[in-house]
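Please read the structure below before turning to the comments.
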Amino acid sequence: MEKKTLIDVSHPIFRHVADAANDLGIDAYAVGGYVRDQLLGRPCKDIDFVCVGSGIELAQKTAEKINANIHVNFFKNFGTAQFRCGDLDVEFVGARKESYDRGSRKPVVEDGTLEDDQNRRDFTINALAISLSKDSFGELVDPFGGVAHLAEKKIITPLDPDITFSDDPLRMMRAIRFATQLDFEIDPITFDAIRRNAERINIISQERITEEFNKIILAPRPSTGFLLLEDSGLLKIIFPEFQQLKGVENYEGKGHKDNFFHTLQVLDNITKNTNNLWLRWAAVLHDIAKPPTKKFVQGEGWTFHGHEVLGSKWVAKIFRRMKQPLGAELKFVQKMVYLHLRPIALTKEEITDSALRRLLFEAGDDIDQLMMLCEADITSKNKDKVKRYLQRFETVRQKLKEVEEKDRVRNFQPPISGELIMQTFGIAPGREIGIIKEEIKEAIMEGKIHNDYEEAYRMMLSLGEKLGLSKK
Ligand code: ATP
Ligand code: MG
């Protein structure tokens with residue numbers, strides 16, 4: 001029976017690779033993620049080509065066929081080559097056979113056949129290849145039933161999963177990442193092997209673990225991945241603080257929210273409104289310091305006083321350990337965690353303009369993101385309660401807008417500078433300047449004066465007088 005072409009190979013790149021392979025007298029295939037994504041109808045701009053021969057020569061020959069000016073990048077140590085073709089990123093490698101020695105992390109790599117190359121791939125859905133040889137152009141090579149597993153939405157290793165995961169433990173993270181991104185199920189036998197091999201994740205570099213973890217957080221429903229990480233035993237190794245959120249303590253018949261499930265709901269909630277990785281990370285970390293701040297207070301019940309302050313400190317510790325960026329991204333997440341209770345606190349009391357101004361002043365341009373985090377943080381089993389909270393929250397949002405339009409404190413710049421104070425009173429730098437500036441800021445926040453130069457100037461003069469200074 002003739003095999004049907006399942007994949008669209010009409011893009012000219014496939015013809016060029018096929019011609020180049022033909023010239024070199026070798027077999028070439030498109031493999032891996034690209035083939036999988038084509039079958040799933042997911043957009044994919046990276047194509048990996050594998051050939052039974054030199055990937056570098058095939059890349060060079062293909063590039064010549066497309067356009068003599070294409071710049072090919074060679075990675076001789078890895079035997080790979082890469083170039084850009086329009087909006088496509090194409091990579092070439094020779095088929096490889098890998099064998100692992102349990103003691104070392106690095107496999108012994110030798111030239112191999114297509115079959116060898118498919119054997120070393122992590123999951124059946126990632127081991128699909130499309131032939132680009134003359135007599136079988138466009139035919140699918142699917143030795144492990146990857147097409148069927150795509151239809152069944154199943155993640156399963158091509159070979160013995162214990163060997164697959166022990167050889168390269170990063171594959172455990174990848175299994176969970178793909179299950180989360182694609183909404184697939186990990187085959188139970190494969191999943192049991194992850195449980196058994198979880199400890200081996202320790203031999204993988206933090207950067208690569210974090211890369212997969214960030215992809216889980218960026219997926220359409222990140223909670224799926226966190227639940228699998230927890231269930232497999234990986235979570236307590238790679239993110240012990242998050243594992244600690246799990247569980248409910250009871251005292252005198254009173255329990256608190258399970259912060260593990262609560263946080264996952266907040267994360268899923270915010271995911272519907274933002275693709276910003278760092279805002280999603282703020283959701284992950286907003287209650288991270290609840291376990292160490294937990295206390296049962298008579299008459300009040302369970303409290304977590306100061307968890308936002310300790311939590312924002314922990315963000316730095318966690319980001320450093322996870323090798324996340326330590327610049328503006330870290331600062332942003334810290335700020336979100338630090339301020340995450342503020343907007344919700346506003347809904348509980350009478351909303352004064354000064355409280356709104358202070359919040360605007362502290363959040364600055366991140367106010368909209370903070371509001372998004374707080375809205376996602378409204379979770380309860382009681383639907384009416386959620387609805388009531390959300391309504392009050394909308395009121396806060398509206399009032400914030402009004403105050404901002406009126407007072408412009410969002411990017412508050414002191415209307416009176418230190419230089420002007422020194423000039424006016426003919427003084428050198430000293431404590432008076434700080435006092436005057438702070439009092440003016442307070443007066444603006446409290447609504448005693450407007451955020452306005454003339455009013456602030458008059459206030460400066462009278463404050464100076466009180467401090468025994470006179471205008472020069
Ligand atoms: P994405 O690009 O969305 O991350 P992908 O499947 O393309 O997904 P890549 O990391 O780009 O993943 O890898 C390309 C292919 O290489 C995979 O489809 C798989 O066949 C193989 N591969 C990648 N990493 C591993 C690994 N750790 N073990 C085995 N095979 C792997
Ligand atoms: Mg890829």
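Assorted remarks:
- Set of lysines with alpha-carbon distance to residue 471 below 30 Å, sequence-local pairs under 8 removed: 437, 441, 448
- Kirkwood hydrodynamic radius of the range 254-395, Cα pairs, Å: 15.8 Å
- Descending Cα extents along the principal axes, the range 98-140, whole Å: 43, 22, 10
- Each Lys and Arg Cβ is given +1 and each Asp and Glu Cβ -1; about its Cα centre, the chain then shows a dipole of about 1540 debye.
- Our compactness index for the range 418-466, the C-alpha radius of gyration over the empirical 2.2 N^0.38 Å, is 1.07.
- Among beta bridges identified by DSSP and lying wholly in the chain, the antiparallel ones come to about 75 percent.
- Applying a DSSP loop filter and a limit of 14 other Cβ atoms within 10 Å to the trypsin sites (Lys or Arg not before Pro) in the range 1-65 leaves 3, 4, 45.
- In the range 3-152, lysine pairs closer than 17 Å at Cα, eight or more apart or cross-chain: 6
- Remark: the chain is approximated by an ellipsoid whose semi-axes, taken from the C-alpha gyration tensor as √(5λ), come to 56, 30, 20 Å, largest first.
- Span from the the range 3-66 Cα centroid across to the the range 207-283 one, whole angstrom: 39 Å
- Here the sum of -39500 (n - 2.57) over DSSP H runs of 4 or more residues, divided by the residues of the chain, equals -16000 deg cm²/dmol at 222 nm, to the nearest 500.
- Of interest is the spacing of the C-alpha centroids, which for the range 380-438 and the range 441-464 amounts to 13 Å.
- Candidates per trypsin sites (Lys or Arg not before Pro) in the range 340-428, loop by DSSP, up to 11 other Cβ within 10 Å: 381
- Gyration tensor (alpha-carbon) shape descriptor, the range 154-238, a/c threshold 1.5: oblate
- Where GluC sites (Glu not before Pro) fall in DSSP loop in the range 344-441, at most 16 other Cβ within 10 Å: 349, 350
- With every protein chain in place, the chain: carbon and sulfur % of accessible area (1.4 Å): 49 percent
The values are calculated or read from the model by the stated rules, or taken from the named source; none is laboratory data. Predicted, not measured: the structure shown is a model, and the values here were computed from it. Cβ sites come from the backbone with ideal geometry, for glycine too, and all protein chains shown count toward neighbours. SASA here: full protein model, heavy atoms, side chains in, ligands and nucleic acids out. Shrake-Rupley method; radii C 1.70, N 1.55, O 1.52, S 1.80 Å.
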